[in-house]
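Here the structure is laid out as structure tokens; the discussion comes afterwards.
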Amino acid sequence: MPSAKYYHKNPEHYKILKKEWNRKNRAYISSYNTYYRTGKYTPEEYKQKFQKNISLNSWMGRGMTTCGYTWDEIYDIYINTKECFYCGVDFTNRKKNLDHDHKTNRIRGVLCSSCNRLDVLADID
């Protein structure tokens, strides 16, 4: 984030950026307002109710290519995967990541955090 000094020199520029961000993220703002402003859900209820939408919006926002699958099928694969595609570690104590190629945006598999950071599937494509 730029410094306050830079922001105050260019307030019109930041108003335009904020309007553009708000226009692109209406679904996120709506779900944020449903939870935080109304207090309708506890954090656990919110996560259970909206986790699928949160994940799908995140993946679609990155421009990932589904390779012939629907987003619902990909989410089901992601949820039902119990071990890392590359190293085989169990996901009970590790975070899952939907891995994709950053050049082609093709989805490659579900990896643990360690394998995802190493980009182990880059050579397999």
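Scanning the stretch 77-103 for residues that are under 23 Å from SER31 (Cα atoms) and either of a type in the set (Val, Ile, Thr) or open to solvent by 80 Å² or more (accessible area, probe 1.4 Å) (or both) yields a single hit, ILE79. Of the helices (runs of 4 or more DSSP H) lying entirely inside the stretch 1-100, those carrying at least 3 residues that are of a type outside the set (D, E, K, R) and under 18 Å from LEU111 (Cα atoms) are 43-61, 71-80.
Exactly one condition in (1) free of Cβ contacts under 8 Å to residues at least 40 places away in the same chain; (2) over 18 Å from ASN116 (Cα atoms) is not met by THR92; state its number. Single failed check for THR92: (2).
The values are calculated or read from the model by the stated rules, or taken from the named source; none is laboratory data. These numbers come from a predicted model, not from an experiment. Virtual Cβ from ideal backbone geometry, glycine too; neighbours counted across all protein chains shown. Note: areas computed on protein heavy atoms with side chains; ligands, DNA, RNA excluded. Shrake-Rupley method; radii C 1.70, N 1.55, O 1.52, S 1.80 Å.
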